[in-house]
1. Fewest to most neighbouring Cβ within 10 Å: what's the order for Leu61, Leu32?
2. Just to be sure I understand the model, the point goes 7 Å from the Cα along the line to the Cβ. What's the resulting Glu52 to Glu69 distance in nm?
3. Mind checking the full-extension length gain between Gln25 and Ser42? Use 0.36 nm per residue of separation minus the Cα-Cα distance, one decimal, nm.
Amino acid sequence: MDYDRFPNMDECKSEVARLRYQIEQEYRAAELAMNGFAMGVSRHDFINAKMERVGECRKELAQFVGDLEATRICVEVSDKKMTADSVTPNPLLSNPVEPRR
């Protein structure tokens, strides 16, 4: 990481931590929308907006740590969210619907 271009190394680390936290929160909000009661286009638009915000944060993060590291951080956060039991899925939405006979 090239911290030399920044006036204060602590400030840079703080900004990286802030952006990582923001990415975690965007993924969490999208995850909650996927498992919540919201339906239809508004739900899709909300999730899409959250993923776009993750992309914006990744670009900003890349200014501090470079493209590869920023992408690695996003993937790490995403994988952590997908494997964590942070949200219990809504059983009404996660159970398949049996076809009518």
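Since every read-out is calculated from the coordinates, none of them should be taken as a lab result. As the structure is a prediction and not an experimental result, all values here were calculated from the model. Note: ideal-geometry Cβ built from the backbone for every residue, glycine included; neighbour counts use all protein chains shown.
1. Values: Leu61 23, Leu32 15.
Exposure proxy ranking, most exposed first: Leu32, Leu61.
2. 2.9
3. Working: separation 17, 0.36 × 17 = 6.12 nm, distance 1.91 nm.
Additional length available on full extension: 4.2 nm.
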